[in-house]
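Okay, structure first, notes after.
The values are calculated or read from the model by the stated rules, or taken from the named source; none is laboratory data. None of these values were measured; they are calculated from a predicted model. Cβ atoms come from the backbone with ideal geometry, glycine included; neighbour counts cover every protein chain shown. The protein model used for the area step is the full one, side chains on, heavy atoms only, and it has no ligands, DNA or RNA in it. Shrake-Rupley method; radii C 1.70, N 1.55, O 1.52, S 1.80 Å.
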Amino acid sequence: MTTSHSPLPGIVQLRADGVGLVLDLSGGRLPRVVHWGADPGPLDGAGLDALRLAARPQPIGFSVDGPVDVAVLPEQSAGWLGTPGLTGNRSGTDFSTAFTVDGGELARNGDAGGLLTVRAEDSTAGLGLELTIELTAQGLVRQQATVTNLGTTPFALDGLHLTLPVPPAAAELLDFTGHHLRERSPQRTAFTHGLRMRENRTGRTGYDAAHLLAAGTPGFGNRSGEVWAVHTAWSGNHRTFAERTFHSVSLLGSGELLLSGEVILAPGASYTSPWQFGSWGGSGLDEVSARFHRWLRARPGHPAGPRPVVANTWEAVYFDHDLDRLKALADAAAEAGAERFVLDDGWFGARRDDRRALGDWYVSDQVWPAGLTPLTDHVTALGMEFGLWVEPEMISEDSGLARAHPDWIMATGGRLPGPARHQQVLDLARPEAFAYILGRLDALLTEYPIRCLKWDHNRDLVEAGHQPDGRAGVHDQTLAVYRLIDELRRRHPGVEIESCSSGGGRVDLGILRRTDRVWVSDCIDALERQQIQRWTNALIPLELMGTHVGAETCHTTGRRHVLDFRAGTALFGHFGIEWDLTAATPGERARLAAWVALYKEVRGLLHTGTAVHADHPDPAYLLHGVVAADGSDALYALAAVASSAGYPPGPLRLPGLDPDTRYHVRPQPPGDLPDGNAHHWGAALPWWTPEGVTLPGRALATAGLQAPVLYPERLVLIRATRAGGQAG
């Protein structure tokens, strides 16, 4: 990477992986995006100047004379009367900024992106600003801002938001809503004039967070249309917005949502925003997602090696911890092929239900008189890793910790917030509370052979203040959680951590900087999971998504599903089992073992390949899969989520294959049997045989091949490998 130092050029072009980012730095003002999207090709200085000139609007009807340029940190001083990038005041003054750039650096990485750092100051407002804008090798835009109080009196910071512009062609918005057991449910709206603001005040990422806010050409799909999307890498309160004005300015923006009085910058103090990520795709959402996936996989700390088959005890035993029962469950899990055994809630203190003992992180003498060693010894002797559930950020009102330290509970106004699940929030920004939790977790990880922690977080942060003054504390709490996890990882680098928050309530790139997977949802109903997993995968790759096979009757919905539908759904993720296998029939256990064996065979493909999602015209059928990076192998799942209006349903087009490669396409066992296939009502599907068919990738993507008729809530697998050789 080559670096040029200040003075910065008047215009900068960065290029990577088919994406172009052109930034206008002229006039000593903050960077303005001239272009973000498809790479326009290399441009010399004259070409960049011409591009900037061509992009200049005709200044008619603006709020000030002349052009109004909107920077990545929009300022009212430039004539912008939309959402400001920085809001705050110094006892009512200095509410508006006019930053002047006074230096910076540009580091290029050839045609693989680069990093721009810009330093600016507003001497009148007494504020300094540093902006970091990166185009990664994968074509992602990353932005972050730091504001510093250069004055002699405190500055109350109310918000710091960064933006990226999108063109008028982006006329449709996609974001997400949801609730517990139905996370990340997509919703689409027209991108009209005005402000569409999504605010999250839950103190965690949230079930109904925007997740990705995408703007695209009308009707954009998984494999079609031009799409621009942003994500905020933050696990606390945040804002995400889309804004379009009649001046033909369209922005996607985001940042932390600061509660009133939450950040008061003393003289010399600084605040740094979360990273904002932007991803562009010229051929639909799959391309947007692939950039995130490739970036995550390129991180030094990304999980490497095979992702182990997990057996979690929660839906098998709940709080009923008994050594003999758990040993029998471990035996059954190992027999099925599990490689990691996670003991869930109920192992500590007086925790026999969810009403008490959070904070008392000592192994229960009542249930475990000899400690956890008899169980950990049994699990490790079976060749499995041992994992443990914890909820370090919470405290039960009925706990020894709360009785000893009631002032460690987050509260405001001299009153406790209303309990949720009979618990409150432990103020980890309080040094002594932080030290206590760190000490207890460190002791557990030191004493026992724990290879992973399932880190839960089961309530929203309501009136989350610091005692005794009641000052708002969500910002401090979020940073304290990050510090806690980081320190534990430093002390125990071999321990993996799973982010769980009432299921999928904390899924973001901030928590994933320091964890190894997320629990996608507390709902493992395979029908619900089809959508929940698909849209979680819009941001993160399959190897970071916890996906488990549950019992025939789902714990959270009461719906019943056959094993192949449950296992075939869980296959596409970090596979696990959450089912009392001691109560399963021998046939069920043998069938599950076959699915586990398939997962072990294909996890290298699933966890390194490119995720693809077909734009199938029949809403009753979902077709998705993974294609190997070299195009040699692919595995698809066809799921019937309802009854089809077509009978038979018509052809499937297999996305993502190399168009010039010939593929051997056939059903993939064990997802190939008649359990889900209604062929016995008529003739069999001609190509649905072990021999299958051989066709070029181009033909499979355009003409396709006929889909089998499936009963609703059934699933089959299709394998496509390069003809002339089988993938390992």
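Listing for the model above:
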item: Count of residues meeting criterion [closer than 28 Å to residue 293 by Cα, assigned to a strand (DSSP E or B) and either open to solvent by 10 Å² or more (accessible area, probe 1.4 Å) or touching a Cys at 6+ places or on another chain (Cβ under 9 Å) (or both)] in the range 131-160; result: 5
item: Residues of the range 677-691 satisfying the condition of being at pLDDT 90 or above and crowded, with 18+ Cβ neighbours inside 10 Å; result: 688
item: Search result, residues across the range 246-266 that are under 25 Å from residue 34 (Cα atoms) and more than 27 Å from the chain's Cα centre (by Cα); result: 246, 247, 248, 249
item: Matching entry among 253, 278, 268 (being part of a loop (DSSP other than H, G, I, E, B) and among the small types (Gly, Ala, Ser)); result: 268
item: Some residue of the range 699-706 being in contact (Cβ under 8 Å) with a residue 24 or more places away in the chain, open to solvent by less than 40 Å² (accessible area, probe 1.4 Å) and β-branched (Val, Ile, Thr); result: no
item: Any hit, the range 91-109, residues being open to solvent by less than 10 Å² (accessible area, probe 1.4 Å), modelled with pLDDT of 95 or more, more than 22 Å from residue 27 (Cβ to Cβ) and in contact with a Leu (Cβ under 9 Å, 6 or more places away or on another chain); result: no
item: Hits in the range 229-262 - residues which are open to solvent by less than 30 Å² (accessible area, probe 1.4 Å) and touching a helix residue (DSSP H, G or I) at 6+ places or on another chain (Cβ under 8 Å); result: 229, 231, 233, 234, 235, 236, 237, 256, 258, 262
item: Members of the range 445-459 that are under 25 Å from residue 386 (Cα atoms) and assigned to a loop (DSSP other than H, G, I, E, B); result: 448, 449, 456, 457, 458
item: Scope the range 415-444; condition out of contact with any Pro (no Cβ under 9 Å at 6 or more places or on another chain) and more than 21 Å from residue 236 (Cα to Cα); matching residues; result: 415, 422, 432, 435, 436, 439, 442, 443, 444
item: Filter result for residue 499 (of a type in the set (S, T, N, Q), over 20 Å from residue 258 (Cβ atoms), buried (at least 22 other Cβ atoms within 10 Å of the Cβ) and in contact with a Phe, Trp or Tyr (Cβ under 7 Å, 6 or more places away or on another chain)); result: yes
item: Hits in the range 611-662 - residues which are in a strand (DSSP E or B) and not hydrophobic (A, V, I, L, M, F, W, C); result: 613, 621, 624, 625, 633, 636, 651, 662
item: Filter result for residue 660 (among the acidic types (Asp, Glu), over 30 Å from residue 544 (Cβ atoms) and at pLDDT 95 or above); result: yes
item: Leading residue by the ranking (surrounded by the fewest Cβ atoms within 10 Å (Cβ to Cβ)) among those in the range 176-215 that are over 13 Å from residue 238 (Cβ atoms), among the charged types (D, E, K, R) and touching a residue at least 40 places away in the same chain (Cβ under 8 Å); result: 196
item: From 302, 321, residue being at pLDDT 95 or above, of a type outside the set (Ser, Thr, Tyr), in contact with a Lys or Arg (Cβ under 9 Å, 6 or more places away or on another chain) and part of a loop (DSSP other than H, G, I, E, B); result: 321
item: Residue count for the range 356-381, restricted to those that are of a type in the set (Asp, Glu) and in contact (Cβ under 8 Å) with a residue 24 or more places away in the chain; result: 1
item: Enumeration of residues in the range 57-80 that are open to solvent by 60 Å² or more (accessible area, probe 1.4 Å), touching a Pro at 6+ places or on another chain (Cβ under 8 Å) and either closer than 15 Å to residue 23 by Cβ or polar (S, T, N, Q) (or both); result: 76
item: Residue check, residue 107 in a strand (DSSP E or B), farther than 22 Å from residue 83 by Cα and among the small types (Gly, Ala, Ser); result: yes
item: Candidate set from the range 87-99 (those that are out of contact with any strand residue (DSSP E or B) (no Cβ under 6 Å at 6 or more places or on another chain) and touching a residue at least 24 places away in the same chain (Cβ under 8 Å)); member that is farthest from residue 73 (Cα to Cα); result: 91
item: Hits in the range 581-638 - residues which are touching a helix residue (DSSP H, G or I) at 6+ places or on another chain (Cβ under 8 Å) and of a type in the set (Val, Ile, Thr); result: 582, 596, 608, 610, 612, 626
item: Residue satisfying all of: in the range 372-392; in contact with a strand residue (DSSP E or B) (Cβ under 8 Å, 6 or more places away or on another chain) and assigned to a helix (DSSP H, G or I); surrounded by the fewest Cβ atoms within 10 Å (Cβ to Cβ) among these; result: 380
item: Options 447, 487; residue that is closer than 30 Å to residue 377 by Cβ and either touching a Pro at 6+ places or on another chain (Cβ under 8 Å) or open to solvent by 60 Å² or more (accessible area, probe 1.4 Å) (or both); result: 447
item: Of all residues in the range 543-553 being farther than 20 Å from residue 501 by Cβ and outside any strand (DSSP E or B), the one that is farthest from the chain's Cα centre (by Cα); result: 552
item: Residue, most open to solvent (accessible area, probe 1.4 Å), within the range 393-444, restricted to residues that are in a loop (DSSP other than H, G, I, E, B) and among the small types (Gly, Ala, Ser); result: 414
item: Counted residues, the range 634-649 - those being touching a Phe, Trp or Tyr at 6+ places or on another chain (Cβ under 9 Å) and open to solvent by less than 10 Å² (accessible area, probe 1.4 Å); result: 6
item: Tally of residues being in contact with a Cys (Cβ under 7 Å, 6 or more places away or on another chain) and in a loop (DSSP other than H, G, I, E, B) across the range 482-502; result: 1
item: Residue match in the range 598-611 (condition: touching a residue at least 24 places away in the same chain (Cβ under 8 Å), open to solvent by 40 Å² or more (accessible area, probe 1.4 Å) and among the β-branched types (Val, Ile, Thr)); result: yes
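Residue-by-condition table, conditions (1) touching a strand residue (DSSP E or B) at 6+ places or on another chain (Cβ under 7 Å); (2) in a helix (DSSP H, G or I); (3) not β-branched (Val, Ile, Thr):
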position: 566; (1), (2), (3): yes, yes, yes
position: 569; (1), (2), (3): yes, yes, no
position: 572; (1), (2), (3): yes, no, yes
position: 579; (1), (2), (3): yes, no, yes
position: 587; (1), (2), (3): no, yes, yes
position: 593; (1), (2), (3): no, yes, yes
position: 597; (1), (2), (3): no, yes, yes
position: 601; (1), (2), (3): no, yes, yes
position: 604; (1), (2), (3): no, yes, yes
